[in-house]
1. Can you give the extra length, in nm with one decimal, that the chain gains between Glu326 and Tyr522 once fully stretched, where that is 0.36 nm per residue apart less the Cα-Cα distance?
2. Compute the whole-percent fraction of alpha carbon pairs in the stretch 188-247 spaced more than 20 Å apart.
3. Can you list the aspartates and glutamates whose alpha carbon is less than 19 Å from that of Lys336, not counting same-chain residues fewer than 8 positions off?
4. Per the Kirkwood definition applied to all pairs of different Cα atoms, how many angstroms is the hydrodynamic radius of the chain?
5. In the stretch 383-484, which GluC sites (Glu not before Pro) are in a loop and have at most 12 other Cβ atoms within 10 Å, using DSSP for the loop call?
6. Please list Ile113, Ile346 from largest to smallest accessible area, probe radius 1.4 Å, with all protein chains kept in place.
7. Please tell me which of these pairs span more than 20 angstrom C-alpha to C-alpha: Lys563/Lys588; Lys558/Lys588; Lys407/Lys463; Lys256/Lys366; Lys281/Lys559; Lys163/Lys256?
8. By the scheme Lys and Arg +1, Asp and Glu -1, what is the net charge of all other residues having a beta-carbon under 9 Å from that of Arg146?
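The values are calculated or read from the model by the stated rules, or taken from the named source; none is laboratory data. These figures come from a predicted structure and were not determined experimentally. As a convention, Cβ positions derive from the backbone with ideal geometry for all residues, glycine included, and neighbour counts pool all protein chains shown. Protein only, heavy atoms only, side chains kept; ligands, DNA and RNA dropped before computing areas. Shrake-Rupley method; radii C 1.70, N 1.55, O 1.52, S 1.80 Å.
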Amino acid sequence: MKFSFSFMRGAVALGALAAVLTVGAFCTSTVSAQSVEPEKALALPEGFADDLAPNAVHDQRVRQYLYAKRIVAVSETGVKNPELLLEPVLGQTSTSIMSDEEQACVMTKGGSILLDFGCEIHGSFRVEARHLVPSANSVGRTVRLRVRFGESVDEANANVGEKGAVNEHSTRDQIIAVPWLGAVECGESAFRFVRIDLVDDDATILFDSARAIFIYRDLPRLGQFKSSDERLNQVWDVCARTILLTMQQYVFEGAKRDRLVWYGDYTPQAMTALRIFGDSKVLRDTLGYYARETWPLPKWMNGMPNYSLWWLITIGDLYRHTGDPELVKEQWDYVKGLVQQLLPCIAESGEAGFESPFLDWPTNDKPDALRAGTHAMFALGFDRVAEMAQVVGDKETEELALATAAKVRGFTPSNVGNKQAASLLELAGIEKEGESNLEVVADGGARGFSTFYGYYMLEALSKGGLNQVALDVTRDYWGAMIDRGATTFWEDFDLDWLENAGRIDEATPEGLESLHGDRGAYCYVGLRHSLCHGWASGPAAWISANIMGVTPLEPGFKKTQVKPFLGDLDWFEGSVPTPYGLIKVSCKKNADGTVETLIEAPEGIEIVR
């Protein structure tokens, strides 16, 4: 069943509320995507199943071939017909044309080509040779090529060790041997640019193709957003692209690096993935099976106690969005064990913390901010425990969690003027007398933001009623990355980095500094810096919850508040995935100054405005 509500709000009077109930196509059964161990292979071909099935594991991702969209640079000598690498081929070399140098890109001594695939992707790179003349030093009939991946042009041109360029977590700089009338693949990594250099001066290669292999999960964008502000639309799109590229075997922190699961980083990733792709097996496996198998108690998640708290908060948030009790039941023994491990970290005064806390890198040398933010996380974590205890009917743990959350809130640390700490304290409802968390977060707009905790800063501003400030920050901060060529969002960013810096989609001109190679800090200095980091995708989740205004009041969106915020936008429209189907919201300003809102919701969801 579809519910349509139209709201008119004017300066003089409120318009009438019209509700129309019609049978629609938005009714679906509740989704169940339980967390289990990695899938066994799908049915294998006859003749292989008996021998291979016990050892086969299904890869849930798909592969697509991509051709470059442009050639960024070509060496002055050693390359002929480079434009042919932009044209599709049959995928199988024809021997009738294999040695025809007029119908192939040819590379000889000193040759190099830098390809641009148009936007950041995750995957591999495949070279196919139509013909070649091997070097005298070749092993067999092969030609050696050096292949360098780059999230920026400067990275694709760099040597390992130059401006922080590394081969860590994925190999971005390698030498491959391409066989005559054959092909070779290298990767996986995240990249937009690929540079190819001929290694041997006495060799020649005629390319049949040089293609990227795009490897990704085939998840449709159920959550959508469009508005009158194209910059905001771009932010949404780049967030969606960023999070999808990190959803690989599990939900990786970054698509180039670290290519690992980090549970603090995972929280904004999960929120964005839920708001764009809805519930999915990879979200549950990453939080459930993988977490329990790799970090059994009494270990802390990733060896970091704060990340165990983030895991607890995220499990609770996943339940809020899915409404699936099996999710909680599956984790409950672990949750109860973690609760007992956390209780000794709370002093009699209510102050909560760890000996070595961690929020994000920009706060890592600010001990007072670390303590305040960590304290707030305890309150948020025990809130989630109380909610989940209701699901399994564990009254004792529910009462313990409620009492512990209240005890923690009885101690009020200072936000010490730090945006990360102030944001968490605001979200936890903790404010010291005479201080304002909101003033700290809003001070200076996008100055002092980080791509990780930027999500919590936006949420804190909205919780305090400063949606327009958060909207402006989103444009200024995340939009600035797009202005300099970003097609995915970065591990970190500071507006000050833009001064005297170039773009990431071109070689840095003389007289400017490299925005990729000469910036960064802490563990992400220079070209080591990841330009596709899932935690940076938080604005999409924030837009869905605070601009579209769709918030679950009961688990699984069974009861949902819709409180759209138009601000300085002329209009917006979008959708939010729920276990029952899509909630669709559109909002526009009329010529007479009134605001009209239309809400469509599937059967089974109660809408509260």
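1. Extra length available between Glu326 and Tyr522 comes to 66.6 nm.
2. Details: 945 of 1770 pairs.
When all Cα pairs of the stretch 188-247 are counted, 53 percent exceed 20 Å.
3. Within the straight-line limit of under 19 Å, Lys336 reaches these aspartates and glutamates: Glu293, Asp317, Asp324, Glu326, Asp383, Glu387, Asp394, Glu396, Glu398, Glu399.
4. Working: mean 1/r = 0.0382 Å⁻¹.
Over the chain, the inverse of the mean reciprocal pair distance is 26.2 Å.
5. Glu433
6. Working: Ile113 0, Ile346 25 Å².
These residues rank, largest area first, as Ile346, Ile113.
7. Details: Lys563/Lys588 14 Å; Lys558/Lys588 26 Å; Lys407/Lys463 22 Å; Lys256/Lys366 28 Å; Lys281/Lys559 24 Å; Lys163/Lys256 17 Å.
Result: Lys558/Lys588; Lys407/Lys463; Lys256/Lys366; Lys281/Lys559 exceed 20 Å.
8. On the way: positive: Arg144, Arg148, Arg195; negative: Asp173, Asp197.
Residues close to Arg146 contribute a combined charge of +1.
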